[in-house]
Amino acid sequence: MIEYKNVDKSFGDLRVLDHISCAIPEGKITVFVGPSGVGKSVLMKMIVGLEKPDAGSVWVDGDEVNRMDERGLYRVRRKIGMLFQDGALLDSMTVAENVAFPLRQHTSKREKEIARIVSEKLALVGMPGCEGKWPSELSGGMRKRVGLARAIALEPEIVLFDEPTSGLDPLMADAIDDLILEMQRKLRCTFVVNSHDIPGTFRIADLIGVLYDSRLVAYGEREEIQRSRDQLLIRFFSRHTGR
Amino acid sequence: MSNTVKPSLLTGVLAQVGRWGIFSFTAARWTCSAPPALGSVLWEAYQIGVQSLSIVCVIAFFIGSTIALQGYYAFREFGGQNLVGIFVALACVREMGPIVAGSMVAAKAGTAMAATIATMRVKGQIDALEVMAVNPYRYLISPRLLASLIALPLLVVFADFITVFAGYLVAVYQLGVNSGTFLENVATYIGMRDVFFGMIKGGVFALLICLLSCYQGYYSQPGPEGVGRATNRAVVSVCIICIIMNYLLSEMMYG
Amino acid sequence: MSFVIELGAISLFALRSLYWAFSPPFFFRETLRQMARVGERCLLPVIGVVAPFGMVITLHGLQIVHIFGVERMLSSILVISLLRELSPGLCGIMMAAQAGSTAAAELGTMRVKEEVDALSVMGINPFQYLIAPRLIALTLMCPLVNAIACSSGIVSGYITAVVFGGVNRGAFLSNLYSFVGVIDIWSGIIKTLVFGFVIGVVSCYYGYYVRGGAEGVGKAANDAVVRSIITFLGMNYFLTSALLALSR
Ligand SMILES: Nc1ncnc2c1ncn2[C@@H]1O[C@H](COP(=O)(O)OP(=O)(O)O)[C@@H](O)[C@H]1O
Ligand SMILES: [Mg+2]
């Protein structure tokens with residue numbers, strides 16, 4: 001379980017997060033939506049300790065990550081996979097080497113075993129047989145898929161997705177949404193997703209958090225949020241429908 | 001990320017120096033406490049060495065010949081043109097060898113380090129490393145640090161030989177200095193000690209080049225301009241600091 | 001040694017650039033803008049390298065002149081070594097690293113983004129609009145930056161010697177130019193003109209003919225720096241030979 005307790009964050013004079021509190025349950029897909037620049041990525045990076053809150057605390061499975069030292073953080077990160085906004089693949093390595101990278105760094109599996117896992121994960125994300133390609137040869141959607149394969153290579157308990165569908169054409173975005181749903185069904189782990197795409201959010205989310213004006217204005221089960229009569233939410237969703 | 005108050009020039013420079021100190025300390029700590037795999041160090045050393053070898057040789061050749069020319073004409077004023085061997089030997093082995101090797105490694109390998117690491121920073125790949133629980137210092141910096149420590153002193157030896165060789169060619173064949181006199185002068189005034197001190201200089205330059213270049217890359221500003229700026233800053237800061245360091249080392253070794 | 005073959009191509013490129021640089025229309029504004037940019041990018045780094053070198057020469061020189069008891073020679077040694085060899089060489093190296101790499105990277109980026117083609121389609125000759133201004137700017141700015149840097153080296157030598165080294169101020173100043181001939185001043189100017197031209201041609205060549213996307217641009221910038229340094233240091237040897245032989 002991931003928990004935010006009264007998290008504040010500013011950059012200089014810019015207040016980005018204001019008293020955010022919520023608990024993200026295990027084994028569900030939780031989606032944070034909000035206009036771009038509202039602080040979704042910052043909120044997500046706090047889970048892996050890449051950003052620290054100014055005040056408040058962030059907990060992952062009973063560990064307070066904002067107070068951990070490097071070694072502790074690395075222990076927590078071992079059970080988390082993260083898909084970055086445009087994949088963050090290492091350019092100097094092929095697709096296969098990228099996916100194998102966490103395996104080589106953290107396990108002592110033999111090369112044959114690693115190759116097997118790599119092709120299995122690539123097949124799982126719908127990119128079978130492109131082990132030998134270079135990141136620069138891939139389209140945006142393909143890079144995200146490879147990034148996802150890398151994120152799940154170590155079979156993490158938690159997978160974080162930073163805007164998995166942004167910058168993609170609608171068809172590709174739908175395909176990625178389907179992939180997320182399918183993977184969650186197969187892997188049964190905790191997914192946290194950032195998005196500014198409202199229809200996609202309603203399709204994949206179990207829980208939805210709405211970030212607006214640096215506050216978490218709503219957080220709850222999908223149906224609950226969808227049915228809400230709150231004026232702000234209705235305005236927000238109707239204005240942002242459609243991609 | 002820190003949110004700093006608008007800095008004045010002085011506090012800005014001090015803050016940079018402090019941050020560089022912390023960066024270097026962290027890099028050193030990781031290199032000692034969890035040394036990188038020998039294979040990756042040797043591979044990097046091979047890369048750095050081979051990348052810079054040909055240019056070090058070419059430039060060493062031109063520097064050596066120019067030093068011989070200048071020395072010859074300067075000494076001729078006092079009728080001492082046959083002493084050019086001493087001048088070439090001392091200037092090349094003690095000063096120019098380490099400087100040529102260092103500056104070319106800074107220009108080729110140093111900029112490559114800064115650009116690679118800055119690109120990784122800008123594209124979020126360093127964050128990705130951290131999320132994959134791979135320490136960027138250990139993965140990116142330590143191998144480069146040890147590798148440049150291996151490669152640069154070796155390049156210094158190459159540069160020593162070639163500068164003196166070029167000086168010999170110019171002095172003997174272009175300026176008509178007696179070959180035996182030249183070689184005798186070189187042999188009397190330069191010993192293994194000088195070559196060895198030059199290698200130590202090379203090692204110090206290697207540390208400075210690697211730590212400064214990696215630092216500029218690691219703290220690169222966002223965007224594609226950030227990469228370019230990081231690379232340029234790396235070259236300039238390395239040059240200035242190495243010149244001053246070179247003097248201090250010469251003072252300590254030969255002073 | 002593919003670089004030797006490439007030198008031929010670079011020479012042809014130089015001729016072509018020169019031809020277009022001297023045929024109308026002339027882009028004066030663009031040329032001035034490039035000159036300002038080169039100055040802005042290079043001046044501080046070049047001073048930052050030449051000034052400490054002036055200090056270092058003075059410190060080394062102090063030891064030597066003390067041994068031989070010729071303290072009054074110190075400033076002549078400083079000025080001669082800066083003027084003839086060190087300042088032009090260091091200036092060339094730093095300008096290649098700063099302005100040369102920038103020119104190569106900019107032209108490369110424009111090539112990769114098809115902006116060069118777009119210019120041609122719009123009827124603007126890229127040699128006139130992109131290459132000539134950069135080439136002229138580098139060629140003219142190199143002597144200028146060198147002159148300023150050389151002065152900064154002399155000033156830092158003066159400070160080191162007179163303020164910290166206890167050398168007599170009058171002895172230092174009165175001997176500054178006692179060994180300097182007109183040929184030494186000219187040699188600095190000629191050398192840096194050649195260096196600037198070489199840096200401009202080589203950098204524009206590698207930027208203009210960049211291959212292979214964004215990585216290609218980075219490689220072009222690096223090639224530009226390294227190869228222009230090799231080329232002008234090679235020429236420097238011949239220039240030094242000629243100028244030293246002339247001066248006697
Ligand atoms: N390292 C940083 N330094 C300064 N400002 C930052 C930094 N990271 C993010 N911000 C600012 O915080 C705000 C939220 O950023 P982010 O979380 O990336 O938004 P998004 O919701 O689009 O992911 C933005 O206004 C951004 O400019
Ligand atoms: Mg974001």
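The values are calculated or read from the model by the stated rules, or taken from the named source; none is laboratory data. For clarity, every value in this text was computed on a predicted model and none was experimentally measured. Backbone-built Cβ (ideal geometry, glycine too); neighbour counts: all protein chains shown. All accessible areas refer to the heavy atoms of the entire protein, side chains included, with ligands and DNA or RNA removed. Shrake-Rupley method; radii C 1.70, N 1.55, O 1.52, S 1.80 Å.
At a 1.4 Å probe radius, which order do A:Arg235, B:Arg29 fall into by accessible area, largest first?
Final ranking, largest accessible area leading: A:Arg235, B:Arg29.
What nm value, rounded to one decimal, do you get for the distance between C:Val70 and B:Leu169 when each label is placed 7 Å out toward the C-beta?
For C:Val70 paired with B:Leu169, the spin-label model returns 3.1 nm.
Ordering B:Phe78, A:Phe11 by accessible area with a probe of 1.4 Å, largest first, what comes out? Walk me through the numbers on the way to the answer.
Numbers: B:Phe78 145, A:Phe11 70 Å².
The residues order as B:Phe78, A:Phe11, largest area first.
Rank B:Phe158, B:Pro98, B:Ile243 by how far each Cα sits towards the positive end of the charge dipole of chain B (+1 on Lys, Arg Cβ; -1 on Asp, Glu Cβ) and give me just the farthest.
Farthest towards the positive end: B:Ile243.
Name the residues of segment A:78-116 whose accessible area, probed at 1.4 Å, falls by at least 30 Å² once all protein chains are in place instead of their chain on its own?
Those are A:Phe84, A:Ala88, A:Leu90, A:Asp91, A:Phe101, A:Gln105, A:His106, which lose 30 Å² or more relative to the chain on its own.
If one takes the accessible area of chain C alone plus chain B alone and subtracts that of the pair, with a 1.4 Å probe, what total in Å², rounded to the nearest 100, results?
The contact between B and C buries close to 2700 Å².
Counting only heavy atoms of the protein chains, get the accessible area per residue of the protein assembly as shown (1.4 Å probe) and round it to a whole Å² value.
Per-residue value: 44 Å².
At 0.36 nm per residue, and after removing the present C-alpha to C-alpha distance, how many nm does the segment from A:Leu232 to A:Ser36 gain when stretched out fully?
Values: separation 196, 0.36 × 196 = 70.56 nm, distance 1.73 nm.
Between A:Leu232 and A:Ser36, full extension yields 68.8 nm more.
What FRET efficiency comes out for the pair B:Val13/A:Asp69, r = Cβ-Cβ distance, R0 = 35 Å, nearest 0.05? Before the final figure, lay out the partial values.
On the way: r = 30 Å, r/R0 = 0.85.
The computed FRET efficiency comes out at 0.75.
For the pair A:Ala123/A:Glu26, report the inter-label distance in nm, with labels modelled 7 Å from Cα in the Cβ direction.
Distance between label points: 2.9 nm.
Please identify the DSSP H helices in chain B that span no less than 18 Å along the helix axis (Cα) and have a mean Kyte-Doolittle hydropathy of -1.0 or more.
The answer, listed by residue number, is B:9-33, B:38-76, B:142-169, B:192-218, B:224-254.
Mind grabbing the accessible area of B:Tyr219 for me, 1.4 Å probe, Å², rounded to tens?
80
Per 5 Å bin, what percent of the C-alpha pairs of segment C:27-247 does each bin hold, from zero upward?
All Cα pairs, binned at 5 Å, distribute as 1, 8, 14, 16, 16, 13, 10, 8, 6, 4, 3, 1, 1, 0 percent.
Compute the helix-to-body angle for C:182-208: its Cα long axis versus the longest principal axis of chain C, expressed 0 to 90° and rounded to tens.
Between helix and principal axis, roughly 30 degrees.
Classify segment C:1-41 as rounded, prolate or oblate from the Cα gyration tensor: take a ≥ b ≥ c as the square roots of its eigenvalues, call it rounded if a/c is under 1.5, otherwise prolate when a/b beats b/c and oblate if not. Present the calculation step by step, with values, prior to reporting the outcome.
Values: a/c = 6.37, a/b = 1.61, b/c = 3.95.
Cα axes put segment C:1-41 in the oblate bin.
Against the empirical 2.2 N^0.38 Å scaling, what ratio does the C-alpha Rg of segment B:37-254 come to?
Normalised Rg, Cα atoms only: 1.16.
Do any of A:Lys79/A:Lys109; A:Lys109/C:Lys219; A:Lys79/A:Lys186 go past 24 Å between their Cα atoms, and which?
Over 24 Å apart, Cα to Cα: A:Lys109/C:Lys219.
Just the number, please: carbon plus sulfur as a percent of the accessible area of chain B, 1.4 Å probe, no ligands or DNA/RNA counted.
71
Please report the net charge: other residues with Cβ closer than 15 Å to the Cβ of B:Gln216, K and R +1, D and E -1.
+4
With all protein chains present and a 1.4 Å probe, how do A:His106, C:His66 order by accessible area, largest first?
C:His66, A:His106
For helix C:101-112, what angle does its Cα long axis make with the longest principal axis of chain C, in degrees from 0 to 90 and rounded to 10?
Helix C:101-112 and the main axis of chain C meet at about 10 degrees.
With heavy atoms of protein chains only and a 1.4 Å probe, what residues of segment C:210-247 have at least 20 Å² less accessible area in the full set of chains than alone?
For segment C:210-247, once contacts with the other chains are taken into account, C:Glu215, C:Asn222, C:Val226, C:Ile229, C:Ile230, C:Leu233, C:Gly234, C:Tyr237, C:Thr240, C:Ser241, C:Leu244 lose 20 Å² or more.
Taking springs between alpha-carbon atoms closer than 10 angstrom, which of C:Asp184, C:Asp223, C:Asp117 fluctuates most in the Gaussian network model of chain C?
Top of the fluctuation ranking is C:Asp117.
Sort the following peptides by mean Cβ neighbour count (other Cβ atoms within 10 Å, averaged over residues), highest first: C:128-135, C:239-246.
The most tightly packed comes first, giving C:128-135, C:239-246.
Give the cross-link partners of A:Lys112 among the aspartates and glutamates, using a straight C-alpha distance below 20 Å as the criterion and excluding same-chain residues fewer than 8 apart.
A:Glu97, A:Glu120, A:Glu131, A:Glu155
Please give the total accessible area that chains A and C bury against each other, computed with a 1.4 Å probe and expressed in Å² to the nearest 100. List each step's numbers first, then the result.
Values: alone 11720 and 12360 Å², together 24020 Å².
Buried area between the two chains comes out at roughly 100 Å².
How much mean residue ellipticity at 222 nm does chain B get from its helices, if each DSSP H run of length 4 or more adds -39500 (n - 2.57) and you divide by all residues, to the nearest 500 deg cm²/dmol? All intermediate terms of the calculation are to be shown ahead of the outcome.
Details: 10 runs with 195 residues, N = 255.
The helix-only estimate for chain B comes to -26000 deg cm²/dmol at 222 nm.
Keeping all protein chains in position, work out how much accessible area B:Leu212 exposes to a 1.4 Å probe, and write it in Å² to the nearest 10.
Taking all protein chains as shown, B:Leu212 has close to 10 Å².
Find the sum over both chains of the accessible area lost when A and B are paired, probe 1.4 Å, and report it in Å² to the nearest 100.
Using a 1.4 Å probe on protein heavy atoms, the buried area is about 1900 Å².
What residue among B:Leu14, B:Trp30, B:Phe61 has its Cα farthest toward the positive end of the dipole of segment B:1-105, where the charges are +1 on Lys, Arg and -1 on Asp, Glu, each on the Cβ?
B:Leu14
Quick one: Cα centre-to-centre distance for segment C:130-181 and segment A:29-100, in angstrom?
Result: 53 Å between the Cα centres.
Using 0.36 nm per residue of separation minus the Cα-Cα distance, give me the extension gain between A:Glu113 and A:Glu182 in nm, one decimal.
22.4 nm
Rounding to the nearest 20 debye, state how big the charge dipole of segment B:37-254 is about its Cα centre with +1 on each Lys and Arg Cβ and -1 on each Asp and Glu Cβ.
Roughly 340 debye, rounded to the nearest 20.
As I understand it, the value is the acute angle between the Cα axis of helix C:132-158 and the longest principal axis of the Cα atoms of chain C; what does it come to in degrees, rounded to 10?
20
Straight-line reach from A:Lys45: which aspartates and glutamates fall under 12 Å, measuring Cα to Cα and dropping same-chain residues less than 8 apart?
A:Asp162, B:Asp127, B:Glu130
What's the ranking of A:15-27, B:43-55 by average number of surrounding C-beta atoms within 10 Å, highest first?
B:43-55, A:15-27
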